[in-house]
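Note sheet for the following structure.
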Amino acid sequence: MNDSLLTFQNVSKVFRRVGFGFLGRSTVQALKDVSFSLSSEPEVLALVGESGSGKSTICRLILGLEEPTSGEILYKGRSISDWLKNNKKEYIREVQIIFQDPYEVYNPFYRVDRVLWMAIEKFNIASGSEAERLIYESLEAVGLRPREILGRYPHQLSGGERQRIMLSRIYLIKPRLLVADEPVSMLDASLRAIFLDHLREFKKLGISSFYITHDLNTAYYIADRIMIIYSGRILERGPTEDVIKNPLHPYTKMLITSIPVPDPNKRWQDRVVIDVTKLQKVSGGETADGCPFYNRCQFAMDKCENNFPITKRVNNQEVNCFLYE
Amino acid sequence: MNTILEVENLKVYFKTILGDAKSVDGVSLKVFEGEILGIAGESGCGKSTLVEGVLKIYKPPCYIPEGKVYYKGIELLSLPEEEFRRLRWKELSYVPQGSMNSLNPVIKIEEQMIDGIMSHTDISYREAKELALSALNSVGMPPDVLEMYPHELSGGMRQRVCIAMSICLNPKIVFADEPITGLDVVMQKLNLQTLGDLRDRFGITVVMVAHDMACHAEICDRICIMYAGKILEVGSTFDIFSDPLHPYTKGLLSAVPSLEKRELKGIPGLAPSPLEWPSGCRFHPRCSYKMKICEEQEPILKEVQPGRSVACFLYGGE
C-alpha cells in the first residue's frame, strides 16, 4: 500500500451550512468513507460521477485546498497536510492541476506568457535563454505555434488554445501527478480528442493523471482504470475495459445504458421511467448510512436502505453492492 | 413531404468595433412538416444564432442584413413585430439554451406558465391553467409542479417545465436550443425522449440545435452540419452517419467519443473567427483533402443524391 503514489484512506468530508440560529443549520456529507489509491507506475485514473457527486471535493482535497473531516490522504506515504507544512513547494511542483474553465484561469491584464514564466520562476526550472527554449519546446509539444501565442492576451485566444497553454505549462513543470478536473467539457469535439491524446502522452513522460469527469465516453477513451462515484460514495471501480463492458453496479449499468450512442442504428429501445413522487431535488443533505442509490435502484432491497455494502471483489472489479454479497 | 419552414440565404451579423461578426452567413434550409431536424456543429459555428435569427429574437448589436424566412407562405422577417409576436409560441415556439436557468426563481411555475399563455392569447386565467396542466401532463410531469418554485425542481425537471411551456399553445414548430446540455445522463435521455414524443404523439415539428452528435443520432430524422456560419452538409441521419461526405463531417464524427470504440481522432487546427472567415471554402485551412480551388472559390451547397446536399468541391460543382 505504501508504494502507491496517492492514497485515500477512509476519507470523509462534511461541509457545514451556515444558518441563522437553530434554523437552517445543516451539514452536507460530500464524501463518505472514500478509499482508493493511484499506483506508483504512471497511469490514468478516471473518476466519473454526475454533478454533485463529490468529484470536485476529491480534487480540492488532493490539492490541499480542503482538509478531510476524517480519514487520511497520503502522497508518497506522507499525509498531504504534512507535505504542505514542511515541503509545500515540492508538493506543488509534483502535483499540478488543470481546471475546467480555460477562461477563468488567466488574469486578463497579463499576456499569456506569464503563466509559463511564473512556472519557471517559481520552480527554478531554468533561466535566460534556456528558459525561453523550454517555453518554445513545451508550446510546440502541445501543438501550438509559439510565435502565434506568445505576447498575446488571453482574450485574443480561443478556449482550445488557452486550455492547451495550460497543458504546455504541465509539460514545462513535468509534475508527478496531474489532476485534471473536467478539462475538456468546455472544448469542442474536434479539439477534445487532441487534448486527451496529450494526457496519454504525459503518461509516457512519467506523469500520472487523475482525470475527473462526468463523461464516461472520454473516460473510456483515455483511462486505465475507472472509478464510479455517486453522492459521495465510490460504488464501483476497476480496469476501464471491464467496467464499461461488464458493469456490475446497477448505477453503472444505468449510466452506460443512458449514454446515447453516435449511431442511428443503435437507438434506445427502452424508455426512462421517472417516479414522479420523487420529483423534488434530492438535497444531498441526507446522512443516512444506506446506499445512496437506494432511492433510484430497481434492485433495492430492505437492507440497502440503512446499510452500505462492503467492497466486494468480482473478477477484476471492486463493487459496493449487496447484489454481489 | 410538405415544407413548413424555408430559410433563404439568411445572414445574421453582429456589429462590433472590429467590423461585422458574420455568425450566420448565408444559410438556406428547408424544414419539413413533422420531422425532427438536427442542427449540428461546434461552438461558434452559428447554430444558435441561426435559430435566434429565424425567430427574430435577437437584440442589437445583432442584425439581419439579408435573408428571408418563409413560414406557410408568409415571409416572417418583414412582418411587423406585433404580428410576429402573435406567431411566436402559438405557431413557432422556442426552448432557449440553458432553459433550466431561464425560469424566474421567486415566482411559482404556475404563474410563469400562465403569464406566457395569457400574453399570447385572449383566454381566461382558468382556461390558461388548464392548458398549462395538459402541457405538463404531456411531458409526464404531475400537476403539483404548478405549485412549486423552480429551485424545488432539479435542472432536468426545470428543463421539462420549459419544454411544457413551449407546447402550451400547441405550436407547429418547436425550436430547442441545446435542450440537454448540462444535465445528468439519465435526465438527458429522458428529455431527448420527451422531445421525440413531441413529434411522435403530437405531430409537432422539432428543430433541435445540439453540439453532441450522439443526440442527433438518437432522435433526428435529418441533420444539417454547420461550420463557420454556413451549412456544409444536409442529409438523413442514417446517411450522414453511415456515409459522411464532407471532410468536416467525417472529422466531426471520428471525434465523437463513444463506448463502442476506443479510438478518437480530432480535427487539427482551430475554428476560424467570425470576424474574418477564411477565403473560399471555410474549412480549407483544416481540411486534409484541400485542393487549389478550395482556397479561391466558395463551394455551394448542392444536391448530390436525393435529399442529400453537400458543399464541397470533392463532389463537383466548380
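Just so you know, all these numbers are worked out from the coordinates, no wet-lab data involved. What you see is a predicted model, and the numbers here were worked out from it, not measured in a lab. When we count neighbours, we look across all protein chains shown, and the Cβ atoms used for this are built from the backbone with ideal geometry, even at glycine.
Anything over 22 Å Cα to Cα? Flag those among A:LYS32/A:LYS174; A:LYS32/A:LYS303; A:LYS204/A:LYS312; B:LYS230/B:LYS261, in the order listed.
A:LYS32/A:LYS174; A:LYS204/A:LYS312; B:LYS230/B:LYS261, as the Cα separations exceed 22 Å there.
Mind sorting A:GLU137, B:GLU147, B:GLU218 by how few other Cβ atoms lie within 10 Å of their own Cβ, fewest first?
The fewest-first ordering by Cβ neighbours comes to B:GLU147, A:GLU137, B:GLU218.
Indicate the gyration tensor shape class of chain A (rounded, prolate or oblate), computed on the Cα atoms with a ≥ b ≥ c the square roots of the eigenvalues: a/c under 1.5 is rounded; otherwise a/b larger than b/c is prolate and the rest oblate.
prolate
Karplus couplings for the range A:258-266 from phi (6.51 cos²θ - 1.76 cosθ + 1.60, θ = phi - 60°), rounded to Hz, Gly and Pro as x?
8, 7, x, 8, x, 8, x, 7, 10
Roughly how crowded by other chains is peptide A:152-162, in terms of the mean Cβ count from those chains within 10 Å of each of its Cβ atoms?
Counting other chains' Cβ atoms within 10 Å and averaging over A:152-162 gives 2.
Please state the shape class of the protein assembly as shown: rounded when a/c is under 1.5, otherwise prolate if a/b exceeds b/c and oblate if not, all from the C-alpha gyration tensor.
Verdict is oblate for the protein assembly as shown.
Sort the range A:83-214 into rounded, prolate or oblate with this rule: let a ≥ b ≥ c be the square roots of the eigenvalues of the Cα gyration tensor; rounded if a/c is under 1.5, and if a/c is not under 1.5, prolate when a/b is larger than b/c, oblate otherwise.
rounded
For B:LYS59, go through the lysines and keep the ones whose alpha-carbon is under 20 Å away, minus same-chain ones fewer than eight residues off.
Once the sequence-local lysines are set aside, what remains near B:LYS59 is B:LYS11, B:LYS15, B:LYS22, B:LYS47, B:LYS68.
Within 10 Å of each residue's Cβ, count the other Cβ atoms and sort A:THR69, B:THR205, B:THR3 from fewest upward.
Starting with the residue having the fewest Cβ neighbours, the order is B:THR3, A:THR69, B:THR205.
7 Å from Cα along Cα→Cβ at both B:THR16 and A:ASN87: what's the point-to-point distance in nm?
That separation, rounded to one decimal, is 4.8 nm.
Compare A:GLU104, A:GLU66, A:GLU182 in a GNM of chain A, Cα atoms joined below 10 Å, and give the one with the largest fluctuation.
Of A:GLU104, A:GLU66, A:GLU182, the most mobile in the Gaussian network model is A:GLU104.
Fewest first, what order do A:ILE229, A:ILE256, B:ILE57 take by the number of other Cβ atoms within 10 Å?
Ranking A:ILE229, A:ILE256, B:ILE57 by Cβ neighbours within 10 Å, fewest first, gives B:ILE57, A:ILE256, A:ILE229.
Over chain A, what is the relative contact order in whole percent, taking alpha-carbon pairs under 8 Å and six or more residues apart?
21
Test of understanding: in a Gaussian network model of chain B with alpha carbons linked when under 10 Å, which of B:LEU153, B:LEU232, B:LEU270 would top the mean-square fluctuation ranking?
Residue with maximal mean-square fluctuation among B:LEU153, B:LEU232, B:LEU270: B:LEU270.
Only bridges whose two residues both fall in chain A count here: according to DSSP, what percent of them are antiparallel, nearest 5?
Counting DSSP beta bridges with both partners in chain A, the antiparallel share is about 60 percent.
Report the residue, chosen from B:PRO274, B:PRO179, B:PRO80, that carries the largest GNM mean-square fluctuation when chain B is represented by alpha-carbon nodes joined by springs under 10 Å.
The residue with the greatest mean-square fluctuation here is B:PRO80.
In whole percent, what relative contact order does the range B:1-88 give with Cα contacts below 8 Å and a gap of six or more residues?
Dividing the mean separation by the residue count of the range B:1-88 yields 36 percent.
If I take every Cα pair under 8 Å that is 6 or more residues apart in chain B, average their sequence separation and divide by the length, what percent do I get for the relative contact order?
On the way: 583 pairs, mean separation 63.4, N = 318.
It comes to 20 percent, rounded to a whole number.
Rounded to the nearest 500, what is the protein assembly as shown's calculated 222 nm mean residue ellipticity when only DSSP H runs of at least 4 contribute -39500 (n - 2.57) each, over all residues?
-9500 deg cm²/dmol
May I ask for the distance between the Cα centers of the range B:83-161 and the range B:165-204, given as a whole number of Å?
Centre-to-centre distance over Cα atoms comes out at 13 Å.
For the charge dipole of chain A, defined by +1 on Lys and Arg C-beta atoms and -1 on Asp and Glu C-beta atoms about the Cα centroid, which residue among A:VAL14, A:LEU172, A:PHE109 has the Cα displaced farthest towards the positive pole?
A:PHE109
For the protein assembly as shown, give me the percentage of DSSP beta bridges that are antiparallel, rounded to the nearest 5 percent.
Around 60 percent of the beta bridges assigned by DSSP in the protein assembly as shown are antiparallel ones.
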